[in-house]
Amino acid sequence: MSTRIVLIDDHKLFREGVKRILEFEPSFEVVAEGDDGNTATSLIEQHNPDVVLMDINMPQMNGVQATAELISHNPDLKVIILSIHDDENYVTHALKTGAQGYLLKEMDSDALIEAIKVVGEGGSYLHPRVTHNLVKEYRRLSEGDGETTKSSSPIEYRKPLHLLTRRECEVLQLLADGKSNRGVAESLFISEKTVKNHVSNILQKMNVNDRTQAVVTAIKKGWVEVL
(Lines give C-alpha, C1' and ligand atoms only; values in the text may rest on other atoms or scores of the structure.)
Protein backbone atom coordinates (compact mmCIF):
# COMPACT_ATOMS: atom_id res chain seq x y z
CA MET A 1 0.00 0.00 0.00
CA SER A 2 1.43 3.38 -0.99
CA THR A 3 1.11 6.53 1.12
CA ARG A 4 -1.04 9.00 -0.79
CA ILE A 5 0.16 12.58 -0.38
CA VAL A 6 -1.31 15.98 -1.21
CA LEU A 7 1.25 18.80 -1.37
CA ILE A 8 0.13 22.40 -0.72
CA ASP A 9 2.71 25.17 -1.19
CA ASP A 10 2.54 28.47 -3.05
CA HIS A 11 6.21 28.37 -4.12
CA LYS A 12 6.19 26.32 -7.30
CA LEU A 13 9.95 25.70 -7.35
CA PHE A 14 9.97 24.42 -3.76
CA ARG A 15 6.88 22.31 -4.42
CA GLU A 16 8.47 20.73 -7.48
CA GLY A 17 11.62 19.97 -5.51
CA VAL A 18 9.68 18.25 -2.74
CA LYS A 19 7.61 16.31 -5.27
CA ARG A 20 10.76 15.12 -7.01
CA ILE A 21 12.19 13.84 -3.71
CA LEU A 22 8.97 11.99 -2.89
CA GLU A 23 8.82 10.37 -6.33
CA PHE A 24 12.06 8.52 -5.53
CA GLU A 25 10.36 6.79 -2.58
CA PRO A 26 8.50 3.72 -3.94
CA SER A 27 5.93 3.73 -1.14
CA PHE A 28 4.90 7.38 -1.72
CA GLU A 29 2.47 8.76 -4.28
CA VAL A 30 1.80 12.48 -4.73
CA VAL A 31 -1.83 12.41 -5.84
CA ALA A 32 -2.42 16.18 -6.02
CA GLU A 33 -0.79 19.55 -5.40
CA GLY A 34 -2.06 23.08 -4.85
CA ASP A 35 -0.78 26.56 -4.13
CA ASP A 36 -3.07 27.93 -1.41
CA GLY A 37 -5.19 26.93 1.55
CA ASN A 38 -8.45 27.48 -0.25
CA THR A 39 -7.73 24.76 -2.80
CA ALA A 40 -6.70 22.29 -0.11
CA THR A 41 -10.26 21.43 0.93
CA SER A 42 -11.41 20.42 -2.54
CA LEU A 43 -8.20 18.46 -3.19
CA ILE A 44 -8.54 16.51 0.07
CA GLU A 45 -12.21 15.72 -0.65
CA GLN A 46 -11.37 14.61 -4.17
CA HIS A 47 -8.27 12.52 -3.48
CA ASN A 48 -8.66 11.37 0.15
CA PRO A 49 -4.90 11.41 0.92
CA ASP A 50 -3.12 9.71 3.81
CA VAL A 51 -0.85 12.70 4.50
CA VAL A 52 -1.03 16.40 3.62
CA LEU A 53 2.12 18.53 3.40
CA MET A 54 0.97 22.08 4.15
CA ASP A 55 2.98 25.27 3.77
CA ILE A 56 2.40 27.62 6.70
CA ASN A 57 2.72 30.91 4.79
CA MET A 58 0.33 31.22 1.85
CA PRO A 59 -1.93 33.94 0.43
CA GLN A 60 -5.69 34.04 1.04
CA MET A 61 -5.66 31.26 3.65
CA ASN A 62 -2.48 30.27 5.49
CA GLY A 63 -1.51 26.72 6.39
CA VAL A 64 -2.61 26.88 10.02
CA GLN A 65 -6.06 28.18 9.08
CA ALA A 66 -6.39 25.59 6.33
CA THR A 67 -5.30 22.81 8.69
CA ALA A 68 -7.84 23.86 11.34
CA GLU A 69 -10.62 23.84 8.76
CA LEU A 70 -9.58 20.51 7.29
CA ILE A 71 -9.23 18.81 10.68
CA SER A 72 -12.64 20.09 11.78
CA HIS A 73 -14.21 18.20 8.87
CA ASN A 74 -11.71 15.30 8.75
CA PRO A 75 -10.51 14.53 12.30
CA ASP A 76 -8.37 11.60 11.13
CA LEU A 77 -6.53 13.62 8.49
CA LYS A 78 -2.75 13.69 9.00
CA VAL A 79 -1.11 17.05 8.29
CA ILE A 80 2.56 18.01 8.32
CA ILE A 81 3.25 21.76 8.40
CA LEU A 82 6.15 23.08 6.29
CA SER A 83 7.63 26.30 7.65
CA ILE A 84 10.65 28.60 7.84
CA HIS A 85 9.78 29.49 11.46
CA ASP A 86 11.25 27.56 14.39
CA ASP A 87 9.69 29.76 17.09
CA GLU A 88 7.69 27.70 19.59
CA ASN A 89 4.68 29.98 19.19
CA TYR A 90 4.33 29.01 15.55
CA VAL A 91 4.84 25.35 16.41
CA THR A 92 2.37 25.16 19.29
CA HIS A 93 -0.26 27.09 17.29
CA ALA A 94 0.11 24.64 14.40
CA LEU A 95 -0.05 21.60 16.67
CA LYS A 96 -3.12 22.92 18.49
CA THR A 97 -5.00 22.95 15.18
CA GLY A 98 -4.40 19.20 14.88
CA ALA A 99 -1.26 19.00 12.75
CA GLN A 100 0.82 15.90 13.54
CA GLY A 101 4.10 17.17 12.12
CA TYR A 102 6.14 20.34 11.80
CA LEU A 103 9.13 20.53 9.45
CA LEU A 104 11.45 23.41 8.71
CA LYS A 105 12.00 23.98 5.02
CA GLU A 106 15.74 23.57 5.53
CA MET A 107 15.10 19.87 6.14
CA ASP A 108 17.04 17.25 4.23
CA SER A 109 15.34 14.57 2.15
CA ASP A 110 15.82 11.88 4.81
CA ALA A 111 13.95 13.97 7.39
CA LEU A 112 11.09 14.60 4.96
CA ILE A 113 10.73 10.91 4.16
CA GLU A 114 11.01 9.89 7.81
CA ALA A 115 8.40 12.47 8.86
CA ILE A 116 5.86 11.24 6.31
CA LYS A 117 6.38 7.63 7.33
CA VAL A 118 6.06 8.40 11.06
CA VAL A 119 2.99 10.61 10.67
CA GLY A 120 1.43 8.21 8.16
CA GLU A 121 1.67 5.46 10.79
CA GLY A 122 -0.08 7.61 13.38
CA GLY A 123 2.89 9.18 15.13
CA SER A 124 4.07 12.77 15.35
CA TYR A 125 7.24 14.31 13.96
CA LEU A 126 8.93 17.64 14.68
CA HIS A 127 12.05 18.97 13.02
CA PRO A 128 14.97 18.31 15.43
CA ARG A 129 15.66 22.02 16.03
CA VAL A 130 11.99 22.62 16.72
CA THR A 131 12.02 19.76 19.22
CA HIS A 132 15.02 21.28 20.98
CA ASN A 133 13.34 24.70 21.22
CA LEU A 134 10.15 23.18 22.64
CA VAL A 135 12.15 21.14 25.12
CA LYS A 136 13.94 24.28 26.33
CA GLU A 137 10.60 26.02 26.74
CA TYR A 138 9.17 23.05 28.63
CA ARG A 139 12.21 23.06 30.91
CA ARG A 140 11.81 26.80 31.56
CA LEU A 141 8.13 26.44 32.42
CA SER A 142 8.78 23.42 34.62
CA GLU A 143 11.17 25.50 36.71
CA GLY A 144 8.66 28.25 37.43
CA ASP A 145 7.44 31.40 35.75
CA GLY A 146 10.78 32.17 34.08
CA GLU A 147 12.00 34.42 36.88
CA THR A 148 13.23 31.66 39.15
CA THR A 149 16.75 30.45 38.62
CA LYS A 150 17.62 27.00 37.47
CA SER A 151 19.29 26.23 40.79
CA SER A 152 16.17 27.08 42.82
CA SER A 153 14.17 24.18 41.43
CA PRO A 154 16.56 21.88 39.63
CA ILE A 155 15.55 18.80 37.69
CA GLU A 156 17.86 16.01 38.75
CA TYR A 157 19.73 14.66 35.75
CA ARG A 158 20.44 10.95 35.62
CA LYS A 159 21.10 8.68 32.68
CA PRO A 160 18.47 5.93 32.26
CA LEU A 161 21.03 3.12 32.37
CA HIS A 162 18.39 0.86 33.89
CA LEU A 163 16.61 1.00 30.53
CA LEU A 164 19.03 2.04 27.79
CA THR A 165 22.62 1.19 26.91
CA ARG A 166 25.28 3.89 27.29
CA ARG A 167 25.32 4.41 23.53
CA GLU A 168 21.51 4.74 23.45
CA CYS A 169 21.76 7.33 26.25
CA GLU A 170 24.22 9.29 24.11
CA VAL A 171 21.86 9.12 21.13
CA LEU A 172 18.90 10.24 23.27
CA GLN A 173 20.87 13.22 24.56
CA LEU A 174 21.82 14.25 21.02
CA LEU A 175 18.17 14.00 19.94
CA ALA A 176 17.29 16.37 22.78
CA ASP A 177 20.08 18.67 21.59
CA GLY A 178 18.22 18.99 18.30
CA LYS A 179 20.42 16.72 16.20
CA SER A 180 19.04 14.97 13.13
CA ASN A 181 20.02 11.37 12.42
CA ARG A 182 22.85 12.69 10.27
CA GLY A 183 23.94 15.05 13.05
CA VAL A 184 23.94 12.21 15.59
CA ALA A 185 25.97 10.05 13.21
CA GLU A 186 28.56 12.79 12.72
CA SER A 187 28.79 13.47 16.47
CA LEU A 188 29.32 9.80 17.37
CA PHE A 189 31.30 8.82 14.24
CA ILE A 190 28.85 6.10 13.31
CA SER A 191 26.66 5.47 10.26
CA GLU A 192 23.15 6.88 9.86
CA LYS A 193 21.87 3.31 9.59
CA THR A 194 23.33 2.57 13.02
CA VAL A 195 21.69 5.73 14.38
CA LYS A 196 18.32 4.63 13.00
CA ASN A 197 18.75 1.26 14.72
CA HIS A 198 19.57 2.98 18.02
CA VAL A 199 16.56 5.29 17.71
CA SER A 200 14.30 2.33 16.95
CA ASN A 201 15.60 0.53 20.06
CA ILE A 202 15.11 3.64 22.18
CA LEU A 203 11.50 4.06 21.06
CA GLN A 204 10.74 0.42 21.76
CA LYS A 205 12.36 0.43 25.20
CA MET A 206 10.70 3.71 26.20
CA ASN A 207 7.35 2.51 24.78
CA VAL A 208 6.80 5.66 22.72
CA ASN A 209 5.78 6.10 19.10
CA ASP A 210 8.32 8.63 17.85
CA ARG A 211 11.45 10.59 18.69
CA THR A 212 9.51 13.67 19.78
CA GLN A 213 7.67 11.69 22.45
CA ALA A 214 10.99 10.11 23.46
CA VAL A 215 12.64 13.50 24.01
CA VAL A 216 9.67 14.97 25.89
CA THR A 217 9.49 11.89 28.13
CA ALA A 218 13.24 12.05 28.73
CA ILE A 219 12.97 15.70 29.76
CA LYS A 220 10.14 14.99 32.19
CA LYS A 221 12.14 12.19 33.80
CA GLY A 222 15.41 14.12 33.89
CA TRP A 223 17.18 11.70 31.56
CA VAL A 224 18.73 14.37 29.35
CA GLU A 225 20.35 17.73 29.98
CA VAL A 226 18.86 20.79 28.32
CA LEU A 227 21.20 23.74 27.91
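The values are calculated or read from the model by the stated rules, or taken from the named source; none is laboratory data. Just so we're clear, the structure is a prediction, and the values are computed from it rather than from any experiment. Cβ placement follows ideal geometry from the backbone for every residue including glycine, while neighbour counts extend to all protein chains displayed. For the accessible areas, the whole protein counts, side chains as well, though only heavy atoms, and no ligand, DNA or RNA atoms are used. Shrake-Rupley method; radii C 1.70, N 1.55, O 1.52, S 1.80 Å.
Label points 7 Å out from Cα along the Cβ direction at residue 14 and residue 42: separation in nm?
2.3 nm
Can you list residues from other chains, or at least 5 along the same chain, whose modelled amide H is less than 5 Å from the amide H of residue 57?
Residues meeting the criterion, in which the H sits 1.01 Å from N, are 63.
For residue 12, which lysines qualify as cross-link partners when the Cα separation must be under 27 Å and same-chain residues fewer than eight apart are set aside?
78, 105, 117
Once you've got the GNM for the chain with C-alpha springs shorter than 10 Å, pick whichever of 68, 94, 176 has the biggest mean-square fluctuation.
Comparing 68, 94, 176 in the GNM, the peak value goes to 68.
Starting from the amide H of residue 33, placed 1.01 Å from N in the peptide plane, find each other amide H under 5 Å away whose residue is 5 or more places distant or on another chain.
Counting only residues 5 or more places away or on other chains, the set is 7.
State the extension gain, in nm to one decimal, for the chain segment bounded by residue 73 and residue 205, taking 0.36 nm per residue of separation less the distance between their alpha-carbons.
Gain in length upon complete extension: 43.9 nm.
Check residue 79: other-chain or 5+ apart residues with amide H under 5 Å from its amide H, H built from backbone geometry?
Here the answer is 52, 100, 101, since their amide H atoms fall under 5 Å of that of residue 79.
For the chain, what does -39500 (n - 2.57) per DSSP helix run (n ≥ 4), summed and divided by total residues, give at 222 nm, in deg cm²/dmol to the nearest 500? Mind showing how you got there, number by number?
On the way: 10 runs with 115 residues, N = 227.
Mean residue ellipticity at 222 nm (helix-derived): -15500 deg cm²/dmol.
Percent of alpha carbon pairs in the range 166-221 separated by more than 15 Å?
Result for the distance tail: 37 percent.
Taking the C-alpha atoms of the chain, how large are the radius of gyration and the largest Cα-Cα span, Dmax, in Å?
18.3, 56
Which percent of the accessible area of the range 3-135 is formed by carbon and sulfur heavy atoms (probe 1.4 angstrom)?
Carbon-and-sulfur percentage of accessible area, whole number: 48.
What are the membrane-span-like helices in the chain by this rule: whole DSSP H runs, Cα extent along the axis at least 18 Å, mean Kyte-Doolittle hydropathy at least -1.0?
Details: long enough: 128-142 (21 Å, -1.07); 192-206 (21 Å, -0.79).
Those that pass (Cα extent of 18 Å or more, hydropathy at least -1.0) are 192-206.
Quick check: convex hull of the Cα atoms in the range 1-107, volume per residue, rounded to a whole Å³?
Per-residue hull volume (Cα only) is 89 Å³.
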